[in-house]
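First comes the structure, then the notes that go with it.
The values are calculated or read from the model by the stated rules, or taken from the named source; none is laboratory data. The shown structure was predicted, so the numbers you read here are calculated from the model rather than taken from an experiment. Virtual Cβ from ideal backbone geometry, glycine too; neighbours counted across all protein chains shown. Please note that ligands, DNA and RNA were not included when accessible areas were found on the heavy atoms of the full protein model with its side chains. Shrake-Rupley method; radii C 1.70, N 1.55, O 1.52, S 1.80 Å.
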Amino acid sequence: MTLSAPADHADRERTRAKIAEVLARARRRTALLTDSVDEADLVAQHSPLMSPLVWDLAHIGNQEELWLVRDVGGREPVRGDIDELYDAFKHARANRPALPLLNPAQARGYVGTVREKVFDVLESSPLLGNPLVDNGFAFGMIAQHEQQHDETMLATHQLRLGGPVLSAPPAPSAPVPVGGEVIVPAGEFTMGTSADPWALDNERPAHPVYVEGFAIDVAPVTNEQYLAFIDDGGYERRELWSERGWAHRQEAGLVAPQFWEREGNQWSRRVFGVRGALRPRQPVVHVCWFEAEAFARWAGKRLPTEAEWEKAARFDPATGSSRRYPWGADEPSERTANLGQRHLEPAEVGAYPAGASATGVHQLIGDVWEWCSSGFEAYPGFRAFPYREYSEVFFGGDYRILRGGSFGTDEVACRGTFRNWDHPIRRQIFAGFRLARDLREDER
């Protein structure tokens, strides 16, 4: 992998300052998620799908130590004896509570010591000389890693039983309702990136992709729309479900999105320990890929392919180029996207008109991860960097692509090229979807 190094000293210093800021922001969020609960909650396993929060905390520090203290910095290990405990590939999440983990005080002390050494390494690094440090790539990778685990810990908080411990202002309503669909004409666009300095290996390289014309919904599917599917017997109608989807629906007893509860004719939803009425215009969240697939069939549409999703998000017909974000090159802001745990829920559809893509599609970044029909595969010319276990070992497995990030995703780990993936049965993640369809002959 070749990444262009910062052009001069001033550029490197700006990169150094940015690294310090994103690392500090991630650590503030980690502290919020782990300091807001008592020690019993930190060491408890709130779901067999998730690690104890204290495991995530020490794992964040261990990855930071391995890559930044030992590899980039060439320093002696802080805790060389715990690497195997916090290797995500050696221990399944369900088995982690039985391991001799660091206790909360030890974990906090460990990550604090590691971070002190990391800032010392950052101060002395030239941020050039090899692909791992050019443009601060390894530092950016670790900031993204911590924020990804912060989103995982946020999902653990949602699964946690008991009273609320997190708070945030309500997500905004929509100034103008949006709906319907837009047509994206057939043609080639540039998918992926070879230029983004902190893009991960599975986003690379940039490559041309021809996409047939398609229609895509302007907004994600809402609670109101999903309720219509439920009321029309969507969970009982075998013809709407694939063979695997129907088998899973029966085995798991699916009757509604996770965390929904019915009392008479009224539905409510539990959100981080608070139960309240559904907001009809919010994107539906906590649905698995099979549920999204069944809804799409009920609606007479389908899920978009990954290439369709990215073209709708990034392609600018006026210039023929692909943008970094749907709205352009500017970093996300409170005007353009619901990111960074500023709110503990998706915003209503249409709440971010300034964040719409050049093709007129809203909320492609933030609010809810969006299931695509595609599996997780390598792009042409893919090269694993800096380790195979980030992406390569997952290619071709039983995964479906998720794009766009959620309200719980930080901007450092979210861009128009960012790729996420998970098993099609997963619902604890902050996932929703939008619909697409093939064009009729008179629309081509």
(request) Could you tell me which numbered condition S51 fails, if it satisfies all but one of (1) in a helix (DSSP H, G or I); (2) buried (at least 23 other Cβ atoms within 10 Å of the Cβ)? (result) (1)
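Within the stretch 362-392, track down each residue that is in contact (Cβ under 8 Å) with a residue 12 or more places away in the chain and outside any loop (DSSP other than H, G, I, E, B). If you could, list the steps in order and put the result at the bottom.
So in the stretch 362-392, the residues in contact (Cβ under 8 Å) with a residue 12 or more places away in the chain come out as 362-386, 389-392.
G366, W369, E370, W371, E389, Y390, E392, listed by residue number.
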(request) Taking the options R275, R237, name whichever one is open to solvent by 40 Å² or more (accessible area, probe 1.4 Å), in contact with a Ser or Thr (Cβ under 9 Å, 6 or more places away or on another chain) and at pLDDT 95 or above. (result) R275
(message) Could you go through the stretch 105-124 and let me know if any residue there is outside any helix (DSSP H, G or I) and within 30 Å of P197 (Cβ to Cβ).
(response) no
(message) Against the condition modelled with pLDDT of 95 or more and loosely packed, with under 13 Cβ neighbours inside 10 Å, how does D35 come out, does it pass?
(response) yes
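Please tell me if R70 is basic (K, R), farther than 20 Å from L154 by Cβ and either assigned to a helix (DSSP H, G or I) or at pLDDT below 95 (or both).
Working: basic (K, R): yes; farther than 20 Å from L154 by Cβ: yes; either assigned to a helix (DSSP H, G or I) or at pLDDT below 95 (or both): yes.
Judged against the criteria, R70 is a match.
In the stretch 134-156, how many residues are open to solvent by 10 Å² or more (accessible area, probe 1.4 Å) and touching a Phe, Trp or Tyr at 6+ places or on another chain (Cβ under 8 Å)?
Let us first name the residues in the stretch 134-156 that are open to solvent by 10 Å² or more (accessible area, probe 1.4 Å), namely 134-135, 141, 145, 148-149, 151-152.
Within this subset, residues satisfying the condition of being touching a Phe, Trp or Tyr at 6+ places or on another chain (Cβ under 8 Å) are 135, 141, 151.
Residues flagged as open to solvent by 10 Å² or more (accessible area, probe 1.4 Å) and touching a Phe, Trp or Tyr at 6+ places or on another chain (Cβ under 8 Å) within the stretch 134-156 amount to 3.
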(message) Checking V111 against (1) among the β-branched types (V, I, T); (2) open to solvent by 30 Å² or more (accessible area, probe 1.4 Å); (3) touching a Leu at 6+ places or on another chain (Cβ under 8 Å): exactly one of these is not met. Which one?
(response) (2)
(request) Tell me which residues, restricted to the stretch 289-338, are open to solvent by 20 Å² or more (accessible area, probe 1.4 Å), of a type in the set (S, T, Y) and under 20 Å from the mean Cα position of the chain (by Cα). (result) T305, S333
(message) Please go through the stretch 396-419 and give me each residue that is touching a Cys at 6+ places or on another chain (Cβ under 9 Å), in contact (Cβ under 8 Å) with a residue 40 or more places away in the chain and outside any loop (DSSP other than H, G, I, E, B), ordered by number.
(response) R400, I401, R403
